[in-house]
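Engineer: This is the structure I have questions about; it appears just below.
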Amino acid sequence: MKKAMTHKGYSASIEYSDEDACLVGHIIGINDIVGFHGDSVSEIKQAFIDAVDDYLETCDEEGLEPDIPFNGRIELRVPPDFHARLVSFAKAKDKSVDNLVIDSINQLMASNY
């Protein structure tokens, strides 16, 4: 079972570095690059907490707006008749609206790269 390490709404990606013989982590879901490391689970947890706190403190001190973690939710406002047609179309394709939109955007992005 996977459970993300989180602190103040931020999440971490943790990997083992054989080269450095330690755990290496990064805050995920933001554009800024924030890394940390530790030699044990307890050290990496504390390093993550410190990294988030330092990131937020540094942004505050420099008058910068910290990146807000992406949560995977996008709110889209559409006319009610469009919403109804979209739901019907998704059902006809045996998909949820979310999956239909994700698949469509993936195809659009792939065709433009």
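The values are calculated or read from the model by the stated rules, or taken from the named source; none is laboratory data. No experiment lies behind these values; they were computed from the predicted model shown. Methodologically, a virtual Cβ is constructed for each residue, glycine included, from the backbone with ideal geometry; neighbour enumeration extends over all protein chains shown.
Engineer: Mind checking which residues of segment 31-49 are without any contact (Cβ under 8 Å) to a residue 12 or more places away in the chain, over 30 Å from I102 (Cβ atoms) and in a loop (DSSP other than H, G, I, E, B)?
Structural biologist: Residues satisfying the conditions do not exist here.
Engineer: If D94 passes every condition in (1) in a loop (DSSP other than H, G, I, E, B); (2) modelled with pLDDT under 95; (3) farther than 30 Å from Y16 by Cα; (4) of a type outside the set (S, T, N, Q) but one, which one does it miss?
Structural biologist: Every listed condition holds for D94 apart from (2).
Engineer: Determine whether segment 76-87 contains at least one residue that is touching an Asp or Glu at 6+ places or on another chain (Cβ under 6 Å) and either surrounded by 14 or more Cβ atoms within 10 Å (Cβ to Cβ) or not in a loop (DSSP other than H, G, I, E, B) (or both).
Structural biologist: Checking segment 76-87: not a single residue is touching an Asp or Glu at 6+ places or on another chain (Cβ under 6 Å) and either surrounded by 14 or more Cβ atoms within 10 Å (Cβ to Cβ) or not in a loop (DSSP other than H, G, I, E, B) (or both).
Engineer: Follow-up question, since we're still on this one. What pairs can you find where one residue is in segment 50-79 and over 21 Å from M5 (Cβ atoms), the other is at pLDDT 95 or above, and their Cβ atoms are less than 7 Å apart, with a gap of 6+ or different chains?
Structural biologist: That search, which allows pairs on different chains as well, returns E65/C59.
Engineer: Looking only at segment 50-75, count every residue that is part of a helix (DSSP H, G or I) and of a type in the set (G, A, S) and tell me the total.
Structural biologist: 1
Engineer: Still on this structure, please answer the following. Which of the residues spanning segment 3-19 are part of a strand (DSSP E or B) and among the acidic types (D, E)?
Structural biologist: E15
Engineer: Looking at segment 1-52 only, could you name the residues that are basic (K, R) and buried (at least 16 other Cβ atoms within 10 Å of the Cβ)?
Structural biologist: Across segment 1-52, the qualifying residue is only K45.
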